[in-house]
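Below is one structure, written out as structure tokens; comments come after it.
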Amino acid sequence: MTQTASAAEAGATSTAASDDVPTIEPRASRSWWRLILLLIGAAVFLFPFYYMIVGSLQKTANTTLSGTLPQPGNITLHNYGQINAALGLGRAIINSGIFTGGVLLGTLVLGILAGYALAQLRFRGRGLLFAFMLLLLMVPFQLLIIPLYVIIVRNYGLGNNYLGMIAPFAINSTAVFIFRQYFLQVPKELFDSARIDGANELRVLTRIALPLVRPAVLTAMLLTFIGPWNEFLWPFLITKEQGLQPLAVALGNYIETVSGVATNPYGAIMAGSFVLALPAVVLFVIFQRHFVTVNIGSAVKG
Amino acid sequence: MTSVTAPRPKFPPLEGELRPDARPSGRQRLTRAAFGRNPIGMLFGAPYALFIALLFAYPLFLAVWISFHSYFFAAPGVSVPRPFVGLANYTAVLTDPAVRQAFVNIAIFLVINVPLTVILSLLLATALNAAIPFRAFFRTSYYVPYVTASVATIGVFLFILSPGGIFNHVLGPLAPVPSWLVNQNWAMPSVAIYVTWKSLGFFILLYLAALQNVPEELYEAAKVDGASWWHRLRAVTIPGVRQVTTLVSLLAIITGANLFTEPYLLTAGGGPDGKSASPVWLIYQSGIEQNHPDFASALGVLLVILVLLISAGVWLLQRRQA
């Protein structure tokens, strides 16, 4: 018992350390190396994004070193106008939103049910369902594009259709897996008293299990969001009508075809890239704290 | 894999008599035998099971079926004969030089991507695994490429790596001619490095979580014993994160086979001359563009088998090591 407590405490300390509080390291020299390494890393990761913004504001593409800094004489918003004229940014963003929203809804409702069942309920077929989930996580969706194309576009005529766009992603299996992992951590005993009190399983799930795994839900939702928002291949295959294309597809087609005729093709591409990147990046910056593994033990001990 | 996502805490078991299922009645025992202890689980799992059946199992079956038949897309409503052709599609796939080239490309991708990902993400995760200033900023900045759409980041990399782009400006006379993305020797390495850059943040977080699960006592014991930084890395850190390393190799194989947006947009259709084509790119090209879904399905089925075999192999290897 004391061992368990100390282990939980150790977990709590490491969680606290993950907060962004500058603390004094016992050996300052090693801390320096860490910081330099991390700074180089941050520069490598962030430079393309910085360059995206700078490039999107250039009147004429400046690819020399001086072009990495905004030049007052070479700044324009013209590229954003150009990409908007070419793609119809508003329409494309709405399409992305519908596609992403549908997947989020499906995963949130049906994925949580499945994750809970897989973790906490003993029923016939559970092992099979779990095995299929793992198989689905293993077999990449891309390898099934031909039969999916046959089924969804040819058999059901759902090409150029939101439903056809959403269907193959409707329940995100990674999210189901995350839900299962987190529901597994909730001790069964916690539910048993509620069940004795006569609460039905849906109530146990929504009133007891879900509040305990709320951070996991947010994490899974963020993961699920980036799937359809960033997805290119599937919506590219099934939406030939530009008015239905999500932003990623519209921009991808622009890169592939129209870029040759624009006056500053890179400027327009950077502008489109910035618009496409912004929502996901902003969401992750806001919710980055939820991207830590949560020690549920402390929550239960409360 | 499970302990990577989140640590499983230990809870003291409650008293046995509190369990509601301690003594099932006769009828309960019967339902349990038929549907399990919680039959409602079947209801909860049903939508997901249906999703798997309709959009995974059936397509998988259909892919196998198509791959054994002569199949092409006819005009809607027109019924065309689709004769059984045995292994003809598979022979066509296996003797196709473009397919062989795609597999060589994937090998190049793996040779560059896996070691680079393991070393860099372990290094950065180790650096992050301490109380340092701006920790949240660093973690977020590493994750940003991972959450950004490929299409958007490819847009920037096209700009950076273009013949007259900033990277070649910095390199000056060292820049390769033709430039990176249109160079036979550099196109695939460029894709591999781009993918490493894009997905590294994900693996840094996985390694970080694994590192935080390595008991601090092990490091302290090693320090007391006078173990050097290198020894602690080899004896404590690397075994502690082995599961993640396995996962990195596994996911890299799967990613490599599935590259599509990169060869389509970054290297303009698997170019130059198919030197950056990936299997999925070939599936798209042959199946949709050239209307040979039978050939494409055979390639897809072979890839599914390959991915599963490799995954199982890596899995077994890791279990033996553990």
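For chain B, modelled as a GNM whose springs connect Cα atoms under 10 angstrom apart, the maximal fluctuation among B:S162, B:S190, B:S199 occurs at B:S162.
Taken over the C-alpha atoms, region B:247-322 has Rg and Dmax values of 14.6, 47 angstrom. Of the DSSP H helices in chain B, those that are both long (alpha-carbon extent of 27 Å or more along the helix axis) and hydrophobic (Kyte-Doolittle mean at least -1.0) are B:97-128, B:187-213, B:293-321. Counting only other chain Cβ atoms within 10 Å of each residue's Cβ, the peptide B:125-134 averages 6. Springs join every pair of Cα atoms under 10 Å in this Gaussian network model of chain B, and among B:L128, B:L309, B:L181 the largest mean-square fluctuation is at B:L309.
Averaged over its residues, how many other protein chain Cβ atoms are within 10 Å of peptide A:43-53's Cβ atoms?
On the way: counts 1, 6, 14, 6, 3, 13, 7, 1, 5, 7, 1.
Going residue by residue through A:43-53 and averaging, the value is 6.
Between B:H69 and B:V85, the built amide H atoms are under 5 Å apart, and every one of these is 5 or more places off in sequence or on another chain. For region B:96-321, the relative contact order comes to 28 percent (Cα pairs under 8 Å, sequence separation of at least 6). For the pairs A:K188/B:K198; B:K198/B:K275; B:K198/B:K223; A:K240/B:K198, note any where the Cα-Cα span goes beyond 32 Å. Over 32 Å Cα-Cα: A:K188/B:K198; B:K198/B:K223.
Debye calculation, C-alpha points only, no solvent: report log10 I(q)/I(0) for the protein assembly as shown at q = 0.07 Å⁻¹, in the same order as the q values. After summing over all Cα pairs, the log10 values are -0.48.
Comparing mean-square fluctuations of B:G271, B:G41, B:G256 from a GNM of chain B with C-alpha springs under 10 Å, the top value falls on B:G41. Per-residue ellipticity at 222 nm, computed for chain B from helices alone with -39500 (n - 2.57) per DSSP H run of at least four residues, works out to -19500 deg cm²/dmol.
Assign one of three labels to region B:96-321, namely rounded, prolate or oblate, based on the Cα gyration tensor with a ≥ b ≥ c the square roots of its eigenvalues; rounded applies when a/c is under 1.5, prolate when it is not and a/b is larger than b/c, and oblate otherwise.
Details: a/c = 2.47, a/b = 1.51, b/c = 1.64.
Here region B:96-321 falls in the oblate category.
For A:L137, project a label point 7 Å along Cα to C-beta. Then give me every residue of region B:93-129 with its amide nitrogen under 19 Å of that point. Backbone N within reach: none found.
Each value in this text was obtained by applying a stated rule to the coordinates, not by laboratory testing. Just so you know, these numbers come straight off a predicted model, no measurement behind them. Don't worry about glycine lacking a Cβ; one is built from the backbone with ideal geometry, like all the others, and counts go over all protein chains shown.
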